[in-house]
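What follows is one structure encoded as structure tokens, with my remarks underneath.
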Protein chains: 2
Amino acid sequence: MDITLALFAFSALSQETRLDVLRLLIKAGQTGMNAGEIGDVLGVRQNTMSTNLNILLRSGLVRNEREGRSIRYFADFDGIRGLLAFLMEDCCGGKPELCEPVLDAIVCDC
Amino acid sequence: MDITLALFAFSALSQETRLDVLRLLIKAGQTGMNAGEIGDVLGVRQNTMSTNLNILLRSGLVRNEREGRSIRYFADFDGIRGLLAFLMEDCCGGKPELCEPVLDAIVCDC
DNA sequence: TCCATATATCAAGAATAATAGATATATGTG
DNA sequence: CACATATATCTATTATTCTTGATATATGGA
């Protein structure tokens with residue numbers, strides 16, 4: 001992860017539709033969602049959604065797979081990990097008790 | 001954490017100076033850094049840095065404390081946790097092996 | 001091959017954000 | 001109180017990003 005990609009990824013997440021999409025896909029896990037389905041759920045026009053999905057793709061936060069005529073999108077957990085690792089690099093100045101609570105935030109209960 | 005603040009926070013991180021600042025402060029931990037010191041290290045003009053620090057403050061990713069004539073800034077680990085928790089809410093669709101690697105990214109070796 | 005479905009690209013106007021010069025405010029010191 | 005230091009605010013210009021209508025491309029089926 002370099003700073004250019006990190007900036008692009010954070011910029012991707014600073015727009016409501018794209019943040020909604022990534023959160024949907026994170027919840028969907030390995031099931032993913034078709035592009036059209038995502039647009040329907042979020043009530044976003046087709047071309048706008050396509051543009052936004054492409055931005056998420058290029059940010060490395062999302063990946064896709066063709067499925068017949070549709071294209072299925074998934075959260076890219078490796079990409080998300082890379083971004084968070086870049087942000088938290090050398091965290092907490094030697095005091096683990098500062099950054100451990102950050103980890104707790106992400107423990108899933110599934 | 002609501003979506004409006006999350007969007008504002010990700011937007012804060014989508015600008016190079018501000019991402020640099022937060023990463024510096026995350027590394028600095030509880031020591032923090034003075035506003036002027038941050039500007040010197042990053043080679044950013046005083047008023048630009050002040051504006052950017054204010055945006056980080058309002059995003060909840062950073063807090064500050066007056067220290068005589070200077071103002072010392074710190075990463076706000078609670079704020080960071082809140083943002084990441086919002087992003088990763090209900091993650092991984094029931095398959096912990098998908099999101100556990102995301103956690104590993106943030107384990108500090110201090 | 002022709003048509004329908006699903007998604008992507010293009011182009012332009014509208015909205016938003018970044019930067020920096022000038023200036024203001026706040027604190028400490030003598 | 002006068003002055004120096006440290007940070008914040010204002011304002012305008014420039015640059016970037018968002019959205020959308022129109023159109024293009026890709027796939028599957030008859």
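The values are calculated or read from the model by the stated rules, or taken from the named source; none is laboratory data. Because the structure is a prediction, the values reported are computed rather than measured. For neighbour counting, all protein chains shown are included, and Cβ atoms are generated from backbone atoms with ideal geometry for every residue, glycine included. The accessibility values were calculated without ligands, DNA or RNA, using every heavy atom of the protein model including side chains. Shrake-Rupley method; radii C 1.70, N 1.55, O 1.52, S 1.80 Å.
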Original post:
Could you give the length gained on full extension between B:Asp78 and B:Asn54, defined as 0.36 nm per residue of separation minus the Cα-Cα distance, in nm?
Top reply: 6.9 nm
Subject >> For segment A:3-104, convex hull of alpha carbons as volume per residue, Å³ >> reply: 105 Å³
Original post:
What does the helix-only formula give at 222 nm for chain A: each DSSP H stretch with n ≥ 4 adding -39500 (n - 2.57), the total divided by the residues, and the result rounded to the nearest 500 deg cm²/dmol?
Top reply: -18000 deg cm²/dmol
**OP:** Between B:Val44, B:Val21, B:Val62, find the one with the highest GNM mean-square fluctuation for chain B; connect C-alpha pairs within less than 10 Å.
**Re:** B:Val44
Subject >> Residue-normalised accessible area of chain A, given per residue in Å² at a 1.4 Å probe >> reply: 47 Å²
Original post:
For B:Val41 and B:Glu100, what does the FRET efficiency come to when R0 = 35 Å and r is the distance between their Cβ atoms, rounded to the nearest 0.05?
Top reply: 0.50
**OP:** Could you name the lysines whose alpha carbon sits less than 17 Å from that of A:Lys27, not counting residues in the same chain fewer than 8 places away?
**Re:** B:Lys95
Subject >> Per-q log10 I(q)/I(0), the protein assembly as shown, q = 0.09, 0.10 Å⁻¹ (Debye; single scatterer per alpha-carbon; no solvent) >> reply: -0.36, -0.45
Original post:
In segment B:3-104, what percent of the accessible surface is made up of carbon and sulfur (1.4 Å probe, ligands and nucleic acids excluded)?
Top reply: 45 percent
Original post:
What size of dipole, in debye to the nearest 20, comes out for segment B:8-68 about its Cα centre when the only charges are +1 on Lys and Arg C-beta atoms and -1 on Asp and Glu C-beta atoms?
Top reply: 180 debye
Subject >> Accessible area buried at the B-A interface, both sides summed, 1.4 Å probe (Å², nearest 100) >> reply: 4400 Å²
**OP:** Quick one: which residues, 5+ away or cross-chain, put their amide H under 5 Å from the amide H of A:Asp76? H built at 1.01 Å from N.
**Re:** A:Val62, A:Arg63
